[in-house]
Every structure is written in C-alpha cells, then in structure tokens.
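Q: Okay, here's the structure, questions in a sec.
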Amino acid sequence: MLPVPDTAIVVVAAGSGTRLGADAPKALVGIDDRTILRLALDGVFAAAPMQVVVVAPPGLEGVAEAEMRAAAGDRADLGRVVTGGDTRQRSVAAGLAALWGDVSTVLVHDAARALTPPALIDAVAHAVRDGGAVAGVIPALPVVDTLKRVEAADVVGAVDRSALAAAQTPQGFRREPLEAAYAVALASGAEYTDDAALFAAAGHPVQHIAGSERAFKITVPADLERARHLLSASRVRTARPQPGVPLPRVGVGTDVHAFGGEGNLWLAGLEWPGEQPLSGHSDGDAVAHAIVDALLAAAGLGDIGEHFGAAHPEYAGAHAEVFLARTRELLGEAGFAIGNVSVQFQGNRPRFSARRAEAERALSSALGGAPVAVAATTTDGLGFPGRGEGVAVTAVALVVARSAE
C-alpha cells in the first residue's frame, strides 16, 4: 500500500489543439509510438510520488485512463481521470475538485509540455513546500529574443527583455489559497492566461525558479518535430549493445562563406585583423558553423538553421563561443557528451598554421574542453576557395550518449 502523499499534480489534457492541425485532441496526438499525454505522464510518474489527476477531453476519459495506467505502473492507485470543462479554468477546477483530503500542495501542469523533466516537477513541488510566505511558484526561462512593440505593420518601440521571463508548467501553489482564487475567478467569469496570473489576481505572491528547455509547449507542427528529435536522441541511451556501454554517434557538418562582409575576419573562434572578412548572418565563422552542424547531426537535433538561423535575430553578429556553448547545452539537454571534433578548412587565406594551436584552444574551451583538431589546406587554385572567393569547411564530430544508470 503506497503512503498517501500530501502533493498532487493536475495534468490538463482537455484542449482541442486547433493550431496543431490534428484530427484528435492535442493530448492524444502521437509522437512516434506514444501520445503527448503518455509522454507527459511518463515524466509525472517518474517524479516523486504524488496524486495524479488527469483532466481528459469529454468522451475520451477511457483513453486517458489507459494512458495513465500505462505510465503509472505500480503507482496506478495514485492516478485518477476526470472530465474537463469548456475552458482551461473550468478543467483545472474539475481537477481541483478531485483532490484527496491530505493534499496541501498542488501543481498544475499542461500535458502539452510533454517532455518536462521529472526533476523540474520535483523542484517546483519543493519550492512551494519550502517557500515560507511564498505561496506560488512557476518555472521560467529568460527571454532571449529581441522584442518589439508593434502597431499593425509598424514597429513602434523596443521592449526591455531583462524584466521578462517565459513561464512554463508545472506551476505550484498551496492548496487552500489556490482553491479560493479559483472560486473567485469562476464566480466572476474572469479569464486568465495561466494559473499564476489567476493566483496573483487574488492577491497572492508568486515567484519563479529556473525552467527547462525541454519543458516547451507543443502548439504547432514544428513543435512536434522538435519533440521527435529530442526523443530520438534520448532513445539512443537505451540502444546500447551492452548494458552500461554508451553508444557513440558521428555527425558531419559543412559550411561555406564568401568573402565580402564588414569589419575584420572571424574564423575558428579568432579575429584576424587585416584579413578580408566573410559575409554571413552572424560573424561568418564557417569553421564554427560547420562544427555546430556536425554536433547537431550527431545528436539528431536538426541543423544550424533550425537553432541559429535568420529566424533567431538574437544571434546576429554572434561569435563562435556563443554558437558552440549553446550547441553544447542543447546536446547536454538531450543526454549527450561531446567526444571530439575534427575540422578541415579549405582556402587560400588566412595563413592558418601560425595560429592553429590558438584556434584549437578557443574552440575546445567553448565546447567545455572537448578536443578539437583543425587542419587547413588549399585547393591548388581549383573551385571558389582556390580562386580566393571564399572558404569551405567540413567538420566531423563524435558524441556519446551518457549512461542512463
């Protein structure tokens, strides 16, 4: 018999998911062999034991029950499925009504944040229980995009992003003030963007803790692809030929840039004063960009355009250390460590040999100490590198799935 927990999590899975363009409610859309709901519940039941209330779309309670039991294993007695309402607030209220009497801490979680790490769920619960006078806690990430205030097609001003954070779930609260805040909101008909806003409107304080990149919300088809990439990378850890032996993976990346940019040349993480610069969205460092592509390919995480392309203006003008450090973070979040990287740069300029060791140290430092070897060659006058029009780079990277034990 499992002990009765004093913490519960309400998993909201009753949304239609119109923007996902699927034929089923969002939570029941499949990502490879599992639904979004099942993936979310896998994370929930991997966290510390707590009551789990799944709020299901009307008419699909049986499907949700099956998913809950499949994820719960021997914790099935902690789970319950209830029917959602016609709004998110009414769905959460239905979940709150199903809480056991011993529950004093409540987390509210969107099933659409299907890859939320169990450690983040536990961290929110601990922060609420240990928060003293703080009654509400949300996980959040800093805003990295440059934000603008617009009117129709016109940009009318900048927004200071230093005072902003991107809220995630689960959001945690003391039970009694949360239930009271919901009663007031439902009686008044007021609608709030999330539970923290509803809670704060009732006069209660809310603080934030560090969120997780994996706790992103699946809203549009591109989010499904991102989730698939991350799941594919994670599953490598269970595909080892021998227990406890990580399986290495290899990726190849290429990049070319033409001369013709502004300022000084940046290549292999170094500035080359007096050399003709390369053109590009950032600093044109083709060596760093090829390394990024090779690492992402090895881990099955897409390519440089997906993570750092023109749709990400915050990386305009960024140098190698920014790209490489962020790529290392992405691999770490997906469960990979960098083994080593080998790069070959083709071009007539700059003369590379005198600064080879310096470049290798700079690149290795940005990758957390992983060995990086850089070779340079000419093409005997052949092709655009031989004509001095630009440079071409090929990189090969080895990554290792960290042991799951």
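Q: Name the single residue, out of those in region 259-277 being part of a loop (DSSP other than H, G, I, E, B) and on the phi < 0 side of the Ramachandran plot, that is modelled with the lowest pLDDT.
A: Selected residue: Gly261.
Q: In addition: Just checking, which of Gly390, Gly381 is assigned by TED's automatic domain parsing to the domain that holds Ser279 and either within 23 Å of Leu301 (Cβ to Cβ) or surrounded by fewer than 18 Cβ atoms within 10 Å (Cβ to Cβ) (or both)? Even if it seems obvious, please write down each step before you answer.
A: Numbers: Gly390 fails: either within 23 Å of Leu301 (Cβ to Cβ) or surrounded by fewer than 18 Cβ atoms within 10 Å (Cβ to Cβ) (or both).
The conditions single out Gly381.
Q: Filter the helices (runs of 4 or more DSSP H) completely within region 308-405 down to those with at least 2 residues that are modelled with pLDDT under 85.
A: Filter on region 308-405 gives 383-386.
Q: Only one of Thr18, Thr35 is assigned by TED's automatic domain parsing to the domain that holds Ala185, β-branched (Val, Ile, Thr), out of contact with any helix residue (DSSP H, G or I) (no Cβ under 7 Å at 6 or more places or on another chain) and modelled with pLDDT under 95. Can you tell me which?
A: Every option except Thr18 fails the conditions.
Q: Suppose we filter Gly309, Gly305 for residues that are more than 23 Å from Leu398 (Cβ to Cβ) and within 17 Å of the chain's Cα centre (by Cα); which single one remains?
A: Gly309
Q: Would you confirm whether any residue within region 73-86 is within 23 Å of Arg214 (Cα to Cα) and either crowded, with 23+ Cβ neighbours inside 10 Å or touching a residue at least 24 places away in the same chain (Cβ under 8 Å) (or both)?
A: No, region 73-86 has no match at all.
Q: Please determine whether any residue of region 146-156 is in a loop (DSSP other than H, G, I, E, B), under 25 Å from Ser212 (Cα atoms) and in contact with an Asp or Glu (Cβ under 8 Å, 6 or more places away or on another chain).
A: Looking only at region 146-156, we keep the residues that are in a loop (DSSP other than H, G, I, E, B), and these are 146, 152-153.
From what is left, the residues that are under 25 Å from Ser212 (Cα atoms) are 146.
From what is left, the residues that are in contact with an Asp or Glu (Cβ under 8 Å, 6 or more places away or on another chain) are 146.
Yes: one or more hits.
Q: Check region 157-178 and report whether any residue there is closer than 26 Å to His204 by Cβ, of a type in the set (Ser, Thr, Tyr) and not in a helix (DSSP H, G or I).
A: yes
Q: Given (1) under 15 Å from Ala111 (Cα atoms); (2) touching a Pro at 6+ places or on another chain (Cβ under 8 Å), where does Val82 come up short, assuming only one miss?
A: So Val82 meets the others, but not (2).
Q: For region 349-372, name all the residues that are surrounded by 15 or more Cβ atoms within 10 Å (Cβ to Cβ) and polar (S, T, N, Q).
A: The answer is Ser364, Ser365.
The values are calculated or read from the model by the stated rules, or taken from the named source; none is laboratory data. For clarity, every value in this text was computed on a predicted model and none was experimentally measured. FYI the Cβ positions are ideal-geometry reconstructions off the backbone, even for glycines, and counts take in every protein chain you see.
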